[in-house]
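The values are calculated or read from the model by the stated rules, or taken from the named source; none is laboratory data. Computed from a prediction, not measured in an experiment: that's the story for all the values here. For neighbour counting, all protein chains shown are included, and Cβ atoms are generated from backbone atoms with ideal geometry for every residue, glycine included. Side chains are part of the model used for accessible areas, which takes the heavy atoms of the whole protein and leaves out ligands, DNA and RNA. Shrake-Rupley method; radii C 1.70, N 1.55, O 1.52, S 1.80 Å.
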Amino acid sequence: MNSEVLENLRLELRRGCLILAVLAELRTERYGYTLRKALSEQGMEIDEGTLYPLLRRLESQGLLISEWREEDKRNKRFYRLSPEGKVILKQLSAEWKGINASLDGIL
Amino acid sequence: MDWIERYLQAVKFALPKSQQDDITRELRDSILSQIDERESALGRALTEDEQLELLKKMGSPTQLASRYSPARALIGSAILPIYWKVLKAALMIAVVVVAATCIAIAAAGRPLRDSLHALLNYPNLAITVFAWVTLAFAALEFFGAKFCVSDRWDPRQLPPLTKERRPPSRAELITQLLIQTVFAVWWLTGLHDQRLIFGPGIQFLHFGPIWLSLFPLFLVAAIVDISFTGAMLFNPQWNRGRRISRVIMSALGLVILLILLQTPELLSPAHPETQAQSQVNAINSALHLGLLVVAIINVINLAVAATKLVVAKVGGARRVAAGS
């Protein structure tokens, strides 16, 4: 019971952070697989089943732009921040820093 | 590679139609990129087991596809794809039940309006089915029952790849089923009440007695035809069923045609004492000629359908023997 509650809370905590991390990583254009690797290398593990639907959702919200291009003889979908996404990322980063500073004090 | 395509096929099946190709293209690239990286790290190609392990880590196709659906309160995204499929299946069963009821009513020789009444009752039945299925899934969601497939699902149980040839859509099959049902009801009822077939011409012409004697064969043909279409609704890719149905229907048609060809009086005049008898005789001769042509075409159809059935069966057996 306790571990289930912990797992749910952990997922909830990670959800918002992941969005911020994905937006920040996409200041540079990447396709899904390299984005996942970049996140993983910085300690932000994310599985395909979470990442790809998230990218789709962020794109439908106008925060990302994507296009299909061929690379290494394979078609890949490249994502990057849209102008609106850049503004949102800036605001979310400020929000994150504020929360982080508050939590540091609280914890 | 076959397992990857089978996995993607299963994911695609559970996705909304408008996004199927786009999402599976992206997932294919992601899987292939992972394989490329692992293979270059290992310096060799991945084994079948390693490929299957990679697919297993991605989660079951239904679970993966469900994450692309927007969140819903009444029925959660984890069971939503299953809900849609169960609902569609239940509504199709209701269509088959209504069709069978219409045929049974017509076969019992009851008036056409009774069959129509049964047919028009479908919307009520559909609403009831929708309510019960939704209620059951909402209860499942509410009480926290989950389809725990993430750890237990086995990639080896993925269905084999289907051929590219487009199977008939469910909408096409439902239309076909409705047309078959309406035609069967009209024809079977019309054999008892010939005004439905001849209209005002009933004052001059009747069917000969042979047509009513053939009623059981017409009934069997209607049931077989509708049953196969009903079965195809559940699995539109059931090519073998389509082939079997063609063979049975051609064989039944041939039997009926041969009996009719041996019957001199296909039609009879409403008033035999008048000079209409000679005109009806001429019509009967023309009908015999027409039926003969149809019978020849039917023999060819039967031969082609039977050959396709045998060839498909032999081909399937060979593929099984080859382990593909």
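So the values come out like this:
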read-out	value
Residue order for B:E26, A:E7 - accessible surface, 1.4 angstrom probe, largest first	A:E7, B:E26
Using a Förster distance of 51 Å, the FRET efficiency for A:L107-B:V224 (Cβ separation, nearest 0.05)	0.10
Dipole moment magnitude, nearest 20 debye, chain B about Cα centre, only Lys, Arg, Asp, Glu C-beta charged	220 debye
Nearest-20 debye value, the stretch B:167-324 charge dipole, Cβ charges on Lys, Arg, Asp, Glu	1060 debye
Approximate spin-label separation B:H117-B:I202, in nm, with each point projected 7 Å along Cα-to-Cβ	2.0 nm
List A:E95, A:E71, ordered by accessible area with a 1.4 Å probe, largest first	A:E95, A:E71
Inter-label distance, nm, simple model (7 Å from Cα along the C-beta direction), B:A276/B:E48	7.3 nm
Ranked order, B:C102, A:C17 - accessible area, probe 1.4 Å, largest first	A:C17, B:C102
The protein assembly as shown shape via C-alpha gyration tensor axes, a/c threshold 1.5	prolate
Solvent accessible area, Å² - B:W3, 1.4 Å probe, full protein context	30 Å²
Size of charge dipole - the protein assembly as shown - debye, nearest 20, with Cβ of Lys, Arg +1 and Asp, Glu -1, no other charges	340 debye
Rel. contact order, % - alpha carbon contacts under 8 angstrom, at least six apart, chain B	16 percent
Cα convex hull of chain B, projected area averaged across orientations, nm²	22.2 nm²
Cα-based helix-to-principal-axis angle, A:48-60 vs chain A, degrees rounded to 10	80 degrees
Sequence-distant residues sharing a close amide H with B:H206 (under 5 Å, placed H)	B:S268, B:A270
Distance-filtered residues of the stretch A:4-47 - backbone nitrogen under 13 Å, label point 7 angstrom along A:E67 Cα→Cβ	A:29-30
Cut-off under 5 Å, modelled amide H: who pairs with B:A78 long-range	none
Cα gyration tensor category, rounded, prolate or oblate, for the stretch B:1-59 with a/c compared to 1.5	prolate
Whole-number D in µm²/s for chain A (Stokes-Einstein; Kirkwood sum over Cα pairs; 4 °C, 1.567 mPa s)	86 µm²/s
Options B:G230, B:I174, B:P264, ranked by Cα towards positive dipole end of chain B, top entry (Cβ charges)	B:G230
Sum of -39500 (n - 2.57) over DSSP H runs of 4+, divided by residues of chain B (222 nm, nearest 500)	-24000 deg cm²/dmol
In degrees, nearest ten, helix B:80-107 long axis to first principal axis of chain B (Cα)	10 degrees
Crossing angle, helix B:2-13 versus chain B [Cα axis fit, 0-90 degrees, rounded to tens]	70 degrees
With all protein chains modelled, accessible area of B:L173 [1.4 Å, Å²]	10 Å²
